[in-house]
1. Return the tail of the calculated pair distribution for the protein assembly as shown, meaning the percent of Cα-Cα pairs more than 35 Å apart.
2. Mind jotting down a quarter of the surface of the convex hull over the alpha carbons of region A:72-128, in square nanometres, one decimal?
3. Kindly provide the Kirkwood hydrodynamic radius of region B:186-265 in Å, to one decimal, from all pairs of distinct alpha carbon atoms.
4. If the viscosity is 0.692 mPa s and the temperature 37 °C, what Stokes-Einstein diffusion coefficient in µm²/s follows for chain B when Rh is the Kirkwood radius over Cα pairs?
5. Would you mind giving the three semi-axes, in whole Å and largest first, of the ellipsoid equivalent to region B:68-122 according to its Cα gyration tensor?
6. Taking the Cβ of B:Gln100 as the centre, find all other residues whose Cβ is under 14 Å away and add up their charges (Lys, Arg: +1; Asp, Glu: -1).
7. Using a cut-off of under 19 Å, list every residue of region A:44-62 whose amide N is near the label point 7 Å from the Cα of B:Glu223 along the Cα-to-beta-carbon line.
8. Using the alpha-carbon atoms, what tilt in degrees (0 to 90, nearest 10) does helix B:226-242 show relative to the longest principal axis of chain B?
Amino acid sequence: MTAVGFVSSMFAHVVTHYSGWCKTKVYSYRGELAFTQGRMDEARMNFDKAMELDPTNPTPYVNAAMVILNSPQQQFQMPDTNLACSLLEKAISIDPQFSAAYVHLGQIRLGMATEIETAKTVIDLYEQGLANCRTAEEVKELCGMLALAKSQVAAAIQLGIEKFNMN
Amino acid sequence: MRKHGYPFLMLFCFRCDPYYSQFLKAADAFSEALELIADHMTSNSTSLKRQKITLLNNRSAMYEKAGCLDLAIDDCDLILDMENQHGKARPRKLRILESQNKWQEALQEVCASQLLYMQENKAYLQNGLPMPPAPIPASKLEEILLHVVEMEKDKYLAQMQYKMPGKFTITQLLKSYSSFGDWTKAAKDGPTVGKFTSQLQTAKNDGDKVPLLYRRALRYALEREYEMATVDFEMAFSLVTDTPDLIKSSGINLVDLMEWVGMVRHWHFKLDSALECLQQAARTDPNRAGLLVKQAGVQLDAGKTDESLKLLEQALIIDPDCVDAMLHRSNLRIMQSKPEMAKSDLERCLRLQPKNVMAQLRLATVLVSLNDADGASRRIDQLTNSNETEGE
């Protein structure tokens, strides 16, 4: 049996014999394992189950958003970024200190922004994230995102570009 | 002086060196040509506009070579106002800004370049086709961004207020200690918060209040009201600190109280006072290994990995079966990218507590990272032969 196969068996065993908090952790771990193996549908199913079992855990919301953004799409189809955004917003509402959620949400919103005013809201989002950072590493990451967003907005204004969206 | 419009700057950057003066002389010549164009230029003079751009570009290059960097940038800006995709003006401006350590302005130029590149190649992007190479490599963007972050981060670090982690995070932490089941059961079996509150209102003296505050704090912790739990633990501790005799009549174990106070201060990132409290508790009860595990957690958050490790090792000397120390040391090993050592701790933990789900899940991820198929097979045999039916 491969290590991945063993882990899957272990998860199945725990899900069968354990309850409550244990199961939600297992579904969350199972989803992460499937994600790293590229099994996106399975990953999404496990994250959805983890959310259902414990809605106070912000991690599966962020992970589910990552599945949406990283799942292979058919030609000319875009990922459901609105759904990804709502999952990330939910994660932030559960835990305002979840730095990774701000990072991903800002990136999606900036990519979706059609007007510069919308792009400016990303700057506000990063400022909010920075106000909730707990470690120096989180500060550095969000600081970089903020600096980049500000520069992109300033450059767009300088060039007279009214729309960001390339679609 | 030539009519550059910046006589002071010219004086500032002029050098009595034939090498530089030759560039300034060349810049003068381009300035004369620009003046001639200005005399003849009309709004429809597109060819003259082209010539103006060329002359500005050449003059800008001469200013750069002469070390008159601000003048060089000014000319670049004039070019970019007329032709924002000019192939040399923006790279020159970027180069100069970098040399002047003007990192935020440099970042803006990189972003401008990228935005223009994306606009120009919109069709490729929309059709999912491979794009031509970007004018500025990603590595350059990263390099400049690092400089900007270095400049900006201190402002945010100074403003950083350490807030308590989210309820889910604190709950996970509490569940990682083997005492979780004991105190939660006692709290669940006891009175409600409301009941404790009414009893506190009628409490006659501090001696009566201490146990009520402590037990209400545990009930708050059970209900994940960690801020309220903090207030009650600190209040109980404050009363006991003021009047040490109160602890004898309270029925509360002082070390238990100090352990909780140390934990809640850790949650609030009051690391020094958390450590002090836990150390004081450890001096009172030197055989409680769990206190060292909690001190290790505080030291880890303080960035003192070595001290944290030593405390966990000491905990295992005091109590070789301390599963909390094994579990938390395995975390530390994972953070140190030492999966084999993490695996060893987790397996040892599971021999003592086969039902420890957190250890099982951590071991699962460690095994995947090690791709240890044989070890995995042995684990599944043990797991399937056991009779675990316990929940949390």
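The values are calculated or read from the model by the stated rules, or taken from the named source; none is laboratory data. The model shown is predicted, which means the values in this text are computed figures rather than measured ones. So basically every Cβ, Gly included, is an ideal-geometry build from the backbone, and we count neighbours across all protein chains shown. The accessibility values were calculated without ligands, DNA or RNA, using every heavy atom of the protein model including side chains. Shrake-Rupley method; radii C 1.70, N 1.55, O 1.52, S 1.80 Å.
1. Values: 84603 of 155961 pairs.
The calculated P(r) of the protein assembly as shown puts 54 percent of pairs beyond 35 Å.
2. 4.3
3. Working: mean 1/r = 0.0811 Å⁻¹.
Result for region B:186-265, one decimal place: 12.3 Å.
4. Answer from the Stokes-Einstein relation: 118 µm²/s.
5. One finds semi-axes of 19, 14, 7 Å for region B:68-122.
6. That sum, taken over residues with Cβ under 14 Å, equals -2.
7. A:56, by backbone N distance to the label point.
8. Roughly 60 degrees, rounded to the nearest 10.
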